[in-house]
Each structure stands twice: as structure tokens, then as C-alpha cells.
Amino acid sequence: MLSEPRSEPVAATDIDRRAVQRRTLAVLFASAIFGRAAMSIGFVVSALLMAEILGSSTWAGASTAAITVGTAFSASALAGYMSRRGRRPGLTLGYVVAVGGGAVAIFGGHQLALVPYLIGLVLIGVGQGGTNLARYAAADLAEPTARGKAISYVVFASTIGAVGGPALAGIAGDIGERFGMDELVGPFGFAAVFFAVGGLIVWLGLRPDPLVVAGGTMVDVTRPKAGFGRSMGIIMADPQARLALAGLVVSQAVMVMVMAMTPLHMKEHGHSVGLVGWVLSAHTAGMFAFAPLAGWVSDRFGRVISIVIAGIVLMAATVMTALAGEAPALLMFPGLYLLGLGWSFGMVGSSALLTESVPAEDQVSAQGAADLVTSFASGVGALGSGLVFTMAGFHILSGIGIVASGLLFVAAFIRERLGAGGAPIPVPGGP
């Protein structure tokens, strides 16, 4: 049996590496616009369509849970594939699977068939898993003192798609109705097209592959296989890596949990789909537009400070949404915006801290394992959010977010007081 071919690192001078890094960031920037637009436009209607299919909002959070199941399943699998073949084929594979997911979701939604709809959402989640891993691709060739900036650059790139996607929901719905479909189905057609464009950009443009240039695809046959269990053991063995994982999990879970029920909460109080879309646009602007600020804070003051700020901002956001009993725009807009901003600080700081806290040869597998756990936690939160929302209300759901954010703040604050701020230390000749 023939062994799988391994990618060899590309010999490159420091000047070549800088040129490759610039090209990599440009390609990831462009693809992130379309990848995030696809996810955002689908998210606006996913819970509403789930409620329509089931005839109840009790399990509407299952739509977000299905997406996060796909994201969780793909995170470790795609990371493992990338560690063997590189970022380009791994990211492209995620986009291709998501295109198929969009088509299946259209069929399921049009037929009001639960199983095909959920399968489509799971496959769309695979695309999200690949899109999430793209932020690590930005750091493959980044200088140690600029990893936060590189990661935030890709996160920031999502602003255009994340804000524009939900804003196109109404237009996509109208086009869907012209083809005899429900207005909630049309946005998934737009999502499939956006995923296809994003994948094409990566496949054609991410040359040379940054992970291959960095030597990250070298396989040491003497080392044990970096499976999920071993990768989690590596993360849990280091207190900085543990905090990074907590930052990723809490930031994502709190954000998804509250955001997933926002459309239902607003619709329940008489708001239009258009207004819901604009509130979510404000939320996604908070997630992505100020990512460069989060990157600068992370590089300048330390990764842990960024996580401390994330805890504070997420607490402020969930306090606002807890007070938004009648879903007034005066509270929903700033509450959802801050929810996104807190996520941004947590995601950028935690991603950089995780990358720096594990051995170089284990970075890709650790990144995949961390994203798997993060996606699983947010999926559980999304699934449970429908139950909490139906049984107790939006304010109780927000209260859970307040507690989780507060615990993250305490953990990060204590770690910072112990003098382990996570600020990068320049390493001569480092990547």
C-alpha cells in the first residue's frame, strides 16, 4: 500500500516569507468576506425556518446546534488534513462541502422536511469550521509580535460579509418567492453562491501554501499521532493554553446562545425580519469591525488582557439584553453590538495565546482540538437556548451569559495578576 505523499516545506528567505505572508493575508481577507456573508445570511433565517418546520420555537435553537455540530466535527478533521496537505486544500474542502450543504438546506426548507434541513445545516457548519481555521492560517508566517494583528486582520475582513449578508436577507427572500419558495428559504441560495466564491478564491490564490512554507506539514514519524485526546492533553498541561481554551469556549458559547434567540425574541414582540437583520448586522459589526483594535491590544498589552476585556464587555452586553424584556431597539442594538465586540476580543486574544502556548509541532492539531471543543460547547448552548428561552425567557438566557462571562473575567484577571500576561516574546529566527 502506498503511503500518503507529504508536503515538503518551501525554501524561502525572510523577504520571501514576508511576501508570502502579504499574499496570504490578501487571499484570506477576500475569501473571508464571502465565507462570512454566507454564514450570516443563513443565520438570520435559520432559527425562524426551524420554528416554521416544527410549528414551535421550543427547539428552534436546534438550527444553530446543527451548524455548530458540523463546525465541531470538521474542526479537528480539517486541521488534521491541513497538517498533512496544507491550509489551501483544507480550507477549500470546507467551502465545497458547505456549497452542498446550502443546496440540501434549500431542499429541506422548501419541503418543510426536518431531516434534510438539519443535514444541510450540518454541512454548512463544515464551511464555518474551515472559515474559523483561516484565522490560524494568517498566523503561520506572522512574526511573534504581530500574531494578534495577523489574526485580527482576517477577523476584520469578515466585517463586509457579516454586515452585508444579513442586510441581503430581504432581497434573497424576495428572489426565493419568485421561484415559488418561502421567503426564509431564499437566503440559503445566496449562502451557497457565497461559499462557492470563497472557495474559488482560496483554491486559486493561496499559493504558495503558508503552512507548507512554514514547515508545518512536516510529519515526524517518530512522534505519536496528534489525535484529539493527545491534543487536549497538550492544551490542559499548560495553564496559559487552558485559559486560551476557556476564552474561546465562553466567548463563542455566550455569543451564540444569546444571538440564536434574538430573532425569535424580536419577532415575538412584533419586529420585522428587516429590523432583525439590521440588529444582527450591528452585532456582526461588533464582532469583526474592531478586530484590529483587539489585535493591537493583544500584541501591545498581552493576550490575557484581551481576554479580561472580553469578559467585561460580554458582561455589559448580556446585562443589556437581560433588561430588554420587550426587545426595544434602544437596548437590542447596543446589547448585540457589545456581544459581538466581546467575542472579538476573546477570539483574537485566545487564538494568539493558544498558538503561543503549545509546542510548534503541535499547534495545528491543538488549534483543531480547541475549535472542536469550542464548537461543541456553543452547539450545546444553542440547543439549550431554545429551551431556556421558551421556558424561562430571554432575560434568564442572558443571565446565564452574565455568569459565564463573569467567570471568564475572574479567571483571566487572576492569571494576569499572577504575572503571566501572554505578551509575545520576540524569538530570533522565529516564524
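Read-outs: derived from the displayed coordinates by stated rules, not from any lab. Everything quoted here is computed from the prediction, not taken from an experiment. Here the Cβ is made from the backbone with ideal geometry for all residues, glycine too, and neighbour counts use every protein chain on show.
A simple spin-label model places the labels of residue 84 and residue 242 3.3 nm from each other, with each point 7 Å out along Cα-to-Cβ. Between the residues 133, 402, 211, the greatest Cα displacement towards the positive end of the dipole of the chain, with unit charges on the Cβ of Lys, Arg, Asp and Glu, is found for 211. Separation of the range 148-190 and the range 384-421, taken as the distance between their Cα centroids, equals 29 angstrom. Compute the Cα gyration tensor for the range 371-418, then decide on rounded, prolate or oblate, letting a ≥ b ≥ c be the square roots of its eigenvalues: rounded whenever a/c is under 1.5, prolate when a/b is larger than b/c in the other cases, and oblate in all that remain. Note, shape of the range 371-418 comes out oblate.
Hey, fewest Cβ within 10 Å first, where do 209, 16 land in order?
Neighbour counts put them in this order, fewest first: 16, 209.
In the chain, helical runs assigned H by DSSP with n ≥ 4 each contribute -39500 (n - 2.57); averaged across all residues and rounded to the nearest 500, the mean residue ellipticity at 222 nm is -27000 deg cm²/dmol. Straightening the chain between residue 23 and residue 396 buys 129.7 nm, computed as 0.36 nm per residue apart minus the Cα-Cα spacing.
For the range 301-313, backbone phi angles converted through the Karplus equation (6.51, -1.76, 1.60; θ = phi - 60°) give residue-by-residue couplings of 10, x, 5, 5, 4, 4, 6, 4, 4, 4, x, 5, 5 Hz, Gly and Pro being listed as x. Counted by Cβ distance under 11 Å from residue 27, the other residues give a net charge of +4, where Lys and Arg count +1 and Asp and Glu count -1. Annotation for the range 313-332 versus the range 80-102: alpha-carbon center distance of 37 Å. In this simple spin-label approximation, residue 177 and residue 323 carry label points 7 Å from Cα along the Cα→Cβ vector, and these lie 3.7 nm apart.
Here the simple spin-label model places points 7 Å from the Cα toward Cβ, and for residue 403 and residue 268 these points are separated by 1.9 nm.
Less than 5 angstrom separates the built amide H of residue 269 from none of the residues sequence-distant by 5 or more or on a different chain.
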